[in-house]
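What follows is a short report on a single structure.
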Amino acid sequence: MSTSAHSHDVEEGLDFRPRFDASGLVTCVATDAASGDVLMVAHMNDEALRKTIASGEAWYYSRSRKALWRKGESSGHTQRVVEMRMDCDQDAVWIRVEQTGAACHTGRRSCFYRKVGTGDGGVQLSFVDADRVFDPKKVYRT
């Protein structure tokens, strides 16, 4: 099959054919189903993707721990999947979720709590929507 025919099948077809990277992962963007806010970006391997589809709960693969994890298994701050979409070439996933509690391991509602701006010192970050929902030191006792 030619590359263009394969691309057409992936981009226009209805077959579920996730394209995992060399590490066996796809990027997943999770947004709040009600507000549309971006909550987090993580990765899924084949098992995480299939568990998410089967259970309706968000499962991810931690690159740092090299382990599968269900969102909320430690914190209790879960994500119920309302809708899952694949991008055009099936190498990224978007899930719209009902978030219970916070999405970020720092205790914030979203992982995107700093705004990029410029000032006299060059590029700088500033806090926005950065209030903590929980204290990560109390939740993640390691």
**Report entry** Options VAL93, VAL81, VAL133: the member that is surrounded by 15 or more Cβ atoms within 10 Å (Cβ to Cβ) and touching a Leu at 6+ places or on another chain (Cβ under 8 Å)
**Finding:** VAL93
Query raised in the report: Can you name the condition, by its number, that HIS43 falls short on among (1) within 17 Å of the chain's Cα centre (by Cα); (2) in a helix (DSSP H, G or I)?
Result: (2)
Report task. Would you check which residues across the stretch 42-78 are crowded, with 16+ Cβ neighbours inside 10 Å and in contact with a Gly (Cβ under 9 Å, 6 or more places away or on another chain) and list them? Result -> ASN45, GLU57, ALA58, TYR61, GLY72, SER75, HIS77, THR78
Query raised in the report: Which one is farthest from ALA42 (Cα to Cα), of the residues in the stretch 67-113 that are under 13 Å from the mean Cα position of the chain (by Cα) and among the hydroxyl-bearing types (Ser, Thr, Tyr)?
Result: THR78
**Report entry** Residue satisfying all of: in the stretch 1-55; among the aliphatic types (A, V, I, L, M) and at pLDDT below 95; farthest from ALA130 (Cα to Cα) among these
**Finding:** MET1
Report summary line: Inside the stretch 96-111, the number of residues satisfying the requirement of being buried (at least 17 other Cβ atoms within 10 Å of the Cβ) and in contact (Cβ under 8 Å) with a residue 60 or more places away in the chain is 8
Query raised in the report: Of (1) over 24 Å from ALA130 (Cα atoms); (2) touching a residue at least 60 places away in the same chain (Cβ under 8 Å); (3) touching an Asp or Glu at 6+ places or on another chain (Cβ under 7 Å), MET86 satisfies all except one. Which?
Result: (3)
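The values are calculated or read from the model by the stated rules, or taken from the named source; none is laboratory data. Not measured: the values here are computed from a predicted model. So basically every Cβ, Gly included, is an ideal-geometry build from the backbone, and we count neighbours across all protein chains shown.
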